[in-house]
Amino acid sequence: MAAAAVGGRGERLSSSSPTAAAPQVDAGKYVRYTPEQVEALERVYTECPKPSSLRRQQLIRECPILSNIEPKQIKVWFQNRRCREKQRKEASRLQTVNRKLNAMNKLLMEENDRLQKQVSRLVYENGYMRTQLHNPSAATTDTSCESVVTSGQHHQQQNPAVLHPQRDANNPAGLLAIAEETLAEFMSKATGTAVEWVQMVGMKPGPDSIGIIAVSHNCSGVAARACGLVSLEPTKVAEILKDRPSWYRDCRCVDIIHVIPTGNGGTIELIYMQTYAPTTLAAPRDFWTLRYTSGLEDGSLVICERSLTQSTGGPSGPNTPNFIRAEVLPSGYLIRPCEGGGSMIYIVDHVDLDAWSVPEVLRPLYESPKILAQKMTIAALRHIRQIAHESSGEIPYGAGRQPAVFRTFSQRLSRGFNDAVSGFPDDGWSLLSSDGSEDITISVNSSPNKLVGSHVSPNPLFSTVGGGILCAKASMLLQNVPPALLVRFLREHRSEWADPGVDAYSAASLRASPYAVPGLRTSGFMGSQVILPLAHTLEHEEFLEVIRLEGHGFSHDEVLLSRDMYLLQLCSGVDENATSASAQLVFAPIDESFADDAPLLPSGFRVIPLDTKMDGPSATRTLDLASALEVGPGGASRASTDASGTCNRSVLTIAFQFSYENHLRESVAAMARSYVRAVMASVQRVAVAIAPSRLGPQIGMKHPPASPEALTLASWIGRSYRAHTGADIRWSDTEDADSPLALLWKHSDAILCCSLKPAPMFTFANNAGLDILETTLVNLQDISLEMILDDEGRKALCSEFPKIMQQGFTYLPGGVCKSSMGRQASYEQAVAWKVLSDDDAPHCLAFMLVNWTFM
């Protein structure tokens with residue numbers, strides 16, 4: 001067959017190598033397409049890049065201009081077209097990576113220059129201090145220029161405030177002077193050495209990293225600095241950063257009181273901002289600042305900000321009751337355009353949060369630059385990168401919604417929880433009288449429509465009957481509990497703390513006919529929970545999901561409980577290997593429709609570490625409380641030392657919100673108070689179980705003890721069983737078992753040993769035994785035999801105990817035992833025998849619980 005046409009694009013007919021350039025093909029044939037043919041093929045490619053054989057034949061029939069081309073030639077054209085598309089995408093990706101690397105290289109060179117200046121200054125100051133130490137008289141007699149300059153720099157760093165004459169908002173020239181001073185001080189922090197920056201561990205620069213993060217050392221207040229690359233233009237970046245409530249979760253509101261244009265094309269804004277309190281134990285903060293936006297000669301954009309105080313001059317800002325005025329020291333954003341698109345961002349946050357006004361135990365929340373970095377600096381950079389990633393179109397839509405919708409849901413959940421914790425009077429909150437105990441705070445809001453917002457659908461309950469929102473909240477301190485691990489457990493094991501009746505009541509508030517106020521139940525939710533992922537941030541530090549609670553009615557009267565219930569849930573800070581300011585689990589009931597404007601009534605938990613973790617990587621832990629540490633050689637002695645590498649103290653804040661009808665308010669308040677107390681008790685029980693001091697340094701690693709005593713005991717257990725019963729223990733797993741201890745440790749049945757005392761205490765357990773007791777070898781000795789047996793088990797053991805001591809063993813009927821966590825486990829049969837030492841003296845009692853399982 002001759003060429004299809006003269007001119008157009010040519011294709012070599014060779015499916016084995018479609019990208020080769022040689023014009024010769026099978027039998028020397030070569031196909032050249034006309035522009036019209038190429039256009040027709042491109043239209044089909046847009047719809048279907050890889051058409052089937054039938055589709056290609058259909059294409060030839062429907063397009064007369066392709067009738068003189070064989071189907072095999074059409075197939076080769078699509079192969080080549082896909083190859084070119086793949087090469088184009090790869091070339092584009094490599095160009096993007098190259099631009100990022102060039103920009104990052106420039107950023108690192110600038111950072112290196114700044115660090116060299118800082119090193120030079122520190123070397124000089126070190127030499128100056130050595131001179132003073134070796135020659136004390138020089139400290140009082142040296143009046144050289146260098147000495148005066150050094151002393152002056154130190155004094156300025158410790159007391160940066162300089163008194164200025166009073167300036168008011170009616171004097172733009174005075175405000176511009178403050179703005180220019182702020183710009184100069186901000187630039188000295190962003191690109192200079194005005195603050196001694198220490199890089200945060202784990203923040204490594206690279207084309208896909210979040211950037212370079214540093215925190216302040218020995219400066220007034222707390223400060224954090226970040227620099228990174230984003231694929232957005234400077235103006236778009238500036239727009240996002242100015243919208244602080246969209247990315248700063250602690251920001252309650254930002255009011256721009258006054259805007260003044262400047263002669264250089266910039267703007268001066270007088271801003272009043274309020275922030276939420278992180279816990280119920282502290283007061284919220286507010287700020288009165290001047291924000292200056294201006295362009296630089298090199299094309300960069302600068303947004304800098306500082307508080308207006310008596311020392312800086314300027315007008316006085318609003319004074320709101322119940323807020324503590326904090327100070328923003330010169331801070332801001334430097335946004336530089338990159339070649340080929342994108343921006344290089346420098347962020348500096350420097351604040352004085354008046355830490356002395358909070359209880360001493362909470363001061364680390366206000367004195368830690370790492371917490372400031374996580375809450376503000378890194379949060380801003382992450383949000384910008386998230387927006388850039390969404391703008392690229394690389395994020396698939398989930399549940400038919402755009403990423404911005406999910407971000408709005410996340411913001412609403414977080415904001416609703418913060419509103420509940422803070423309970424501001426101007427939102428309609430007021431305290432309800434206490435029951436005499438101060439552990440739970442009950443607040444009510446009779447203006448719920450103001451709280452949920454005018455942009456969402458009104459709650460059917462509020463529109464049909466008079467009512468409002470009630471919030472029960474509390475805070476407590478936890479010792480040696482990793483916040484990430486605790487929140488992960490609360491997320492994955494809801495039945496351990498949640499009450500199904502309360503969940504049903506919350507779900508019923510979304511309907512016009514409310515459910516009766518429930519009484520609390522001691523059992524967990526009868527159904528199971530199914531986690532349905534919706535969306536997550538770029539670095540997976542936060543994710544949004546729907547929780548389906550599969551309902552099963554407890555009785556015929558509780559039909560509502562047999563319906564599935566749904567929760568919209570936001571979880572953050574659960575990665576133990578990442579540094580996070582807090583770990584949080586917030587959820588709100590939703591109905592099956594899951595509308596974009598659905599009202600949300602968030603409740604949840606927030607755990608904030610009060611002590612900084614060590615910089616080393618934390619040990620990997622499991623959420624299975626039954627899989628706690630099995631102590632290896634020296635494990636018990638390491639537990640106390642390794643625990644210091646985790647958070648020693650943290651503050652847990654709990655807030656649960658419920659809707660109510662006016663005539664049921666007192667009943668709902670009593671239910672909420674009891675429920676929160678029950679939840680706190682459950683959380684404390686879980687916290688004790690997962691604390692590193694109990695779990696040890698290598699949680700999740702299953703190794704038997706390797707001490708000589710353990711090896712001896714294992715041989716006594718097996719030998720005594722054989723002597724009493726006339727048979728060996730049927731080992732369930734003999735692979736890789738090179739000792740009696742390994743055989744005992746891997747046995748699937750629970751084998752437990754207790755002392756021969758009036759109050760028998762456990763002394764040893766194999767792997768399955770620790771699982772059924774939900775404890776560790778370290779804490780096994782705190783558990784008595786009586787604690788785990790029910791009444792029937794205790795009666796059976798008492799009746800058979802003389803037989804055990806005389807005959808050496810006995811078989812006990814199946815029954816139920818209780819773990820250290822209070823969970824019940826059943827077993828089909830139990831074998832009890834007397835363990836004898838080498839001299840045939842009674843050493844302990846051994847029990848084997850056959851075919852056990854948690855109920």
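Please specify each residue of the stretch 778-787 satisfying the condition of being buried (at least 20 other Cβ atoms within 10 Å of the Cβ) and either among the basic types (Lys, Arg) or touching a strand residue (DSSP E or B) at 6+ places or on another chain (Cβ under 7 Å) (or both). It would help to see each step written out before you state the result.
Looking only at the stretch 778-787, we keep the residues that are buried (at least 20 other Cβ atoms within 10 Å of the Cβ), and these are 779-780, 785.
Leu780, Leu785 - these are the residues of the stretch 778-787 that are buried (at least 20 other Cβ atoms within 10 Å of the Cβ) and either among the basic types (Lys, Arg) or touching a strand residue (DSSP E or B) at 6+ places or on another chain (Cβ under 7 Å) (or both).
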Original post:
Scanning for something farther than 30 Å from Met344 by Cβ, touching a Pro at 6+ places or on another chain (Cβ under 7 Å) and not hydroxyl-bearing (Ser, Thr, Tyr), does the stretch 83-92 turn up at least one residue?
Top reply: yes
Original post:
With respect to Gly295, is the statement that it is in the same structural domain as Val358 (by the TED database) and surrounded by fewer than 20 Cβ atoms within 10 Å (Cβ to Cβ) true?
Top reply: yes
**OP:** Tell me which of these Cys753 doesn't satisfy, since it passes every other one: (1) free of Cβ contacts under 8 Å to residues at least 60 places away in the same chain; (2) of a type in the set (A, V, I, L, M, F, W, C); (3) under 23 Å from Pro740 (Cβ atoms).
**Re:** (1)
Original post:
In the stretch 754-768, what residues are under 19 Å from Glu828 (Cα atoms) and buried (at least 21 other Cβ atoms within 10 Å of the Cβ)?
Top reply: Ala765, Asn766, Ala768
Original post:
open to solvent by 60 Å² or more (accessible area, probe 1.4 Å), closer than 21 Å to Gly718 by Cα and either in a strand (DSSP E or B) or at pLDDT 85 or above (or both) - does that describe any residue in the stretch 791-802?
Top reply: yes
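Do the conditions hold for Glu110, that is, is it at pLDDT below 70, in a helix (DSSP H, G or I) and of a type in the set (Asp, Glu)?
Numbers: at pLDDT below 70: no; in a helix (DSSP H, G or I): yes; of a type in the set (Asp, Glu): yes.
The answer is no for Glu110.
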Subject >> the stretch 83-121, residues that are open to solvent by 70 Å² or more (accessible area, probe 1.4 Å) and within 30 Å of Ser53 (Cβ to Cβ) >> reply: Arg84, Lys86, Gln87, Arg88, Lys89, Glu90
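Being in the same structural domain as Leu836 (by the TED database), at pLDDT below 90 and either part of a strand (DSSP E or B) or in contact with a strand residue (DSSP E or B) (Cβ under 7 Å, 6 or more places away or on another chain) (or both) is true for just one of Leu756, Leu752. Which residue is that? If you could, list the steps in order and put the result at the bottom.
Values: Leu752 fails: at pLDDT below 90.
Of the residues listed, the single one that is in the same structural domain as Leu836 (by the TED database), at pLDDT below 90 and either part of a strand (DSSP E or B) or in contact with a strand residue (DSSP E or B) (Cβ under 7 Å, 6 or more places away or on another chain) (or both) is Leu756.
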Original post:
How many residues, within the stretch 313-354, are more than 32 Å from the chain's Cα centre (by Cα) and in a strand (DSSP E or B)?
Top reply: 0
Original post:
Among (1) open to solvent by less than 70 Å² (accessible area, probe 1.4 Å); (2) touching a Leu at 6+ places or on another chain (Cβ under 9 Å), which single condition is Gly822 missing?
Top reply: (2)
Original post:
How many residues, within the stretch 527-557, are modelled with pLDDT under 70 and surrounded by fewer than 17 Cβ atoms within 10 Å (Cβ to Cβ)?
Top reply: 6
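The values are calculated or read from the model by the stated rules, or taken from the named source; none is laboratory data. Worth saying up front: this structure is predicted, and the values here are computed from it rather than measured. As a convention, Cβ positions derive from the backbone with ideal geometry for all residues, glycine included, and neighbour counts pool all protein chains shown. Ligands, DNA and RNA are excluded from the accessible area calculation, which covers all protein heavy atoms including side chains. Shrake-Rupley method; radii C 1.70, N 1.55, O 1.52, S 1.80 Å.
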